[in-house]
Amino acid sequence: MTGARITAIGTYVPEKRLTNFDLERMVDTNNEWIIQRTGIEERRISRPDEYTSDLCVAAVKNLIQRFNKTVEDVDMVIVATSTPDFSFPSVSSLVQEQLHIAQTGAMDLSAACSGFVYALHTAHSMISSGLHGKILVIGADTMSKITDYTDRSTCILFGDGAGAVLIERDDQFNSFIGYHMGSDGSGAHHVYRANLANKVNDIELIDTRSLVQNGREVFRWVVRNIPNGIKEILNKTEMTIDEVDWFIPHSANLRIIEPICEKIGHPMEKTLYSLVNFGNTSAATIPLSLDLGIREGKVKNGDRILMYGFGAGLTHAGQLLRL
Ligand code: ACO
């Protein structure tokens, strides 16, 4: 089977910071509560005229500049997002146009906070089949555009950001060691943002404009199910958690990451997360966390990385990688 290698990464977050102290002035909350319940200190918020496609393009430009890569020969762009600029055209089509890479295929992938890992799996499958050679995978969201800033239970959580990786065919090296993914639609009503329908799982939607979340139910579901998904990957690849150099869970909330680490027996010191300064950026949290690890000199070539995304759907997706 043809190998696929992650060869470059780039990220972007908007300039504007929204701190816990700013939120204290907007809703009935306080810095201590937010830090204690989530670990989040601040988030980045896009300008009114800045959309998910703009964040994607900025992340790819960062990748090109840092890794001295060209994207003219990319043959597929996959954007994982829940906050596309439009229902259609897709964000990937807009990105393709702004990057002037007209010959490539372009598609969006909808799997909420698991989207980036689903997109990695899709790209790996396309390259290992021999049908594609060079794919841009981008996880990007502008959650601030669908957040109700009068709802203290959600507005403290979310931020905006984008992360892009380049995956290239490589006959000598394969980054992709193992995966596990799934979805539990019986919990689809626990976190949603309406589009055309006004009911989900026969339950009337509360708000049709903004993200709605039953945080406690999502929390319970994640802590019950994600450790099992991780164990599936380790069983399938006949590896132990001690052989994983870095764990990168979806950065929803520190209080959700800690029990996952405890259940799988992995130390927090070898866990990367981007939530402290960026909040929950949905499909962007995992590439942002990986990039923080690289920039801080923690993640090195050859390291084994276990990523695990979870979110609306309720979807989940994990990938064990070697850089
Ligand atoms: N400031 C102060 N008090 C607050 C705030 C706030 N910002 N928000 C809620 N509270 C209050 C509530 O009103 C409640 O008060 P009450 O007991 O008087 O009714 C109390 O705090 C506890 O509320 P809970 O919602 O039970 O708080 P919890 O400890 O569960 O924390 C949180 C809430 C942080 C949202 C948590 O449930 C969570 O992180 N859940 C997981 C979310 C997640 O992982 N989502 C991923 C998917 S997102 C996606 O896919 C787009």
> Within region 1-34, can you find the residues that are away from the ligand (no atom under 11 Å from the Cβ), out of contact with any Ser or Thr (no Cβ under 9 Å at 6 or more places or on another chain) and either closer than 16 Å to ARG255 by Cβ or among the hydrophobic types (A, V, I, L, M, F, W, C) (or both)?
Replying inline: ALA8, ILE9, PHE21
> When you go through GLY293, GLY318 one by one, which is the residue that is more than 20 Å from HIS180 (Cβ to Cβ) and out of contact with any Ser or Thr (no Cβ under 8 Å at 6 or more places or on another chain)?
Replying inline: GLY293
> So which residues in region 143-157 are hydroxyl-bearing (Ser, Thr, Tyr), within 12 Å of the ligand (Cβ to nearest atom) and outside any loop (DSSP other than H, G, I, E, B), if there are any at all?
Replying inline: SER153, THR154
>> Please go through (1) near the ligand (Cβ under 10 Å from one of its atoms); (2) in contact with an Asp or Glu (Cβ under 6 Å, 6 or more places away or on another chain) for ILE256 and return the number of the only condition it doesn't satisfy.
In response: (2)
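Residue-by-condition table, conditions (1) under 29 Å from TYR273 (Cβ atoms); (2) buried (at least 24 other Cβ atoms within 10 Å of the Cβ):
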site	(1), (2)
GLU41	yes, no
LEU55	yes, yes
ALA59	yes, yes
GLU72	no, no
ILE78	yes, yes
PHE88	no, no
SER93	no, no
VAL117	yes, yes
> Within region 164-176, is even one residue touching a residue at least 40 places away in the same chain (Cβ under 8 Å), within 12 Å of the ligand (Cβ to nearest atom) and either surrounded by 14 or more Cβ atoms within 10 Å (Cβ to Cβ) or assigned to a strand (DSSP E or B) (or both)?
Replying inline: no
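Here is a yes/no grid of residues against (1) farther than 27 Å from LEU306 by Cα; (2) buried (at least 17 other Cβ atoms within 10 Å of the Cβ); (3) of a type in the set (Asp, Glu):
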| site | (1), (2), (3) |
| --- | --- |
| THR154 | yes, yes, no |
| PHE158 | no, yes, no |
| GLY178 | no, yes, no |
| ASP184 | no, no, yes |
| GLY187 | no, yes, no |
| HIS190 | no, yes, no |
| ASN201 | yes, no, no |
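No lab work stands behind these numbers, since they all come straight from the coordinates. The shown structure was predicted, so the numbers you read here are calculated from the model rather than taken from an experiment. Cβ coordinates were reconstructed from backbone atoms using ideal geometry, including for glycine residues, and neighbour counts include every protein chain displayed.
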